[in-house]
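This report concerns only the one structure given below.
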Amino acid sequence: MAEAMSTSQSCALCSQPATRACTACKADLDLLTTYYCSVNCQRTHWVEHKADCAVGAGRTALYRAASMARSIFLNFLKQAWGDKVLSAQKTDDVLSVTIGELSPDVIYCRFPSDLGLSKLDEAAVLSHCACSSSLAYMWDIVNLLLSGRASAQDLQASIGADLFPGENVDVKEVSARVFKCPSHTYFIWPSGCPLKSSSMRYVHQFWRVCDNKRAYFLDLASSQFGYHEALTPADDYTKDITIVISSVKSGGYEKTVFTQHPKIQNDVTRLVHAELSFAHSAAIVKAISDWQTSKNIKIRRLLRMSQRDFEQNSTELLDRSSDAVFISIVHFSKIASRIPAGTDVDFILNELLKEVRATKSLSQEQQRHNSMMSFMSQPEALDYLEEHYEEMEPEQKNIVKTYLQIVGPRTTPATTPTTRGCPSSDCGHSTWP
């Protein structure tokens, strides 16, 4: 497949001026873009070019998969946000974020949309100290995007077969100290103690993907350092971020030990938040798998589409994953928002695990129906939906409207009147359906 280009080059077969570039391998960083003057020359040259093209197409697919993973992770963090952000201020290369007090029984709170930050700075706030979360919650999702399998036993073999034919691929989890980076993100807690994302006291974590020719760093939380590329050749990454690697472990390690960390084990709220986040992650994996089935498009095929088709289909898939997180949060909202202080951990987790197991056995449509019908009839769930209604995507708003028609109007008034959606703050008007 070739795509017309504005810059004239030499045809790879006949050396005549050419304006058609091979779209499969042109995005690869290690290969020179191959040009052709005609379809006939491209077809004739294919026998010689196909080996390099396969490698280039694999790396293009890897970059696309990494970009999708980053978008899914940032959306995940935004919807399942757990800190009360009061304000954020950007000065030169420092982004300072002031955090307010939260009740210990609060699991989620709204990520503010009025901070006045750019998309990149918002990503820096969302990803602050979220590196271990990315390895834990995103492992199955990254696994699915890279290998096309929701539960592959050997991710390295899957990537090698699908993305880099004929090459040995290795995926590891890297822990490193960050000494220098383009910018810094500070969270200033109620105690007044700032937490710097690049402090040498804290370990940063990411994936290392190696093939026969090059090592790449797949870092979904690098925005906190002012570095906004999800996938980067290791040599380029270390030009902008100075790190000292402290350990390298097998892919999937952080997921297996995440909830065993003392800070999580000894904090009921953190423990439930972690278990809920794993449930939301499972919902995303299921949504991606269901999308493949409904569209009859495998991930491998999606990652190799033309740029236009890839953008169209990947946008739809990202919307599905966002919807899955939203539905999962609603599904568990009663548990997540009603945990009294001092509640027995085992009781909470047993109730949660019952819900998780029930959810895993349902299709996406069944999840949508059962979760909405069950929780939208609960006053506290309606309060949650009403509070977040203006932040929802159009498809999510349509879901809410549809199920409000099914369950009927609320029988209990909202605890706090809303004025969102109206230009005038005095009129009391709401766009809540």
Sort through THR343, THR315, THR359 and tell me the only one that's part of a helix (DSSP H, G or I) and modelled with pLDDT under 60.
-> THR359
Take the residues of the range 98-143 that are more than 30 Å from LYS172 (Cα to Cα) and touching a His at 6+ places or on another chain (Cβ under 7 Å): which is modelled with the highest pLDDT?
-> ARG110
Regarding LYS180, is this residue at pLDDT below 90, crowded, with 16+ Cβ neighbours inside 10 Å and among the basic types (Lys, Arg)?
-> no
Across the range 146-177, what is the number of residues that are in contact with a helix residue (DSSP H, G or I) (Cβ under 8 Å, 6 or more places away or on another chain) and at pLDDT 90 or above?
-> 1
Hey, does the range 197-204 have a residue that's in contact with a Leu (Cβ under 9 Å, 6 or more places away or on another chain), surrounded by fewer than 16 Cβ atoms within 10 Å (Cβ to Cβ) and at pLDDT 90 or above?
-> no
Residue list for the range 219-242, filter: part of a strand (DSSP E or B) and farther than 18 Å from VAL171 by Cβ | THR242
Just wondering, is there one or more residues in the range 56-78 that are surrounded by fewer than 24 Cβ atoms within 10 Å (Cβ to Cβ), more than 23 Å from ARG301 (Cβ to Cβ), hydroxyl-bearing (Ser, Thr, Tyr) and touching a residue at least 12 places away in the same chain (Cβ under 8 Å)?
-> no
Those residues that are small (Gly, Ala, Ser) and either surrounded by fewer than 20 Cβ atoms within 10 Å (Cβ to Cβ) or at pLDDT 85 or above (or both), I need them from the range 22-55; list them, please.
-> ALA27, SER38, ALA51, ALA54
Could you tell me which residue of the range 83-95 is farthest from TYR137 (Cα to Cα), considering only residues that are surrounded by fewer than 16 Cβ atoms within 10 Å (Cβ to Cβ) and not acidic (Asp, Glu)?
-> THR91
So which of VAL257, VAL248 ends up being more than 22 Å from the chain's Cα centre (by Cα) and either modelled with pLDDT of 85 or more or of a type in the set (Val, Ile, Thr) (or both)?
-> VAL248
Of ILE297, ILE288, ILE284, the only residue that is assigned to a loop (DSSP other than H, G, I, E, B) and in contact (Cβ under 8 Å) with a residue 12 or more places away in the chain is ILE297
Lone qualifier among GLU254, GLU275 - being part of a helix (DSSP H, G or I) and in contact with an Asp or Glu (Cβ under 9 Å, 6 or more places away or on another chain) = GLU254
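The values are calculated or read from the model by the stated rules, or taken from the named source; none is laboratory data. A quick note: this is a predicted structure, and the numbers were derived from the prediction, not measured. Using ideal geometry, Cβ is built from the backbone for each residue, glycine included, and neighbour counts are taken over all protein chains shown.
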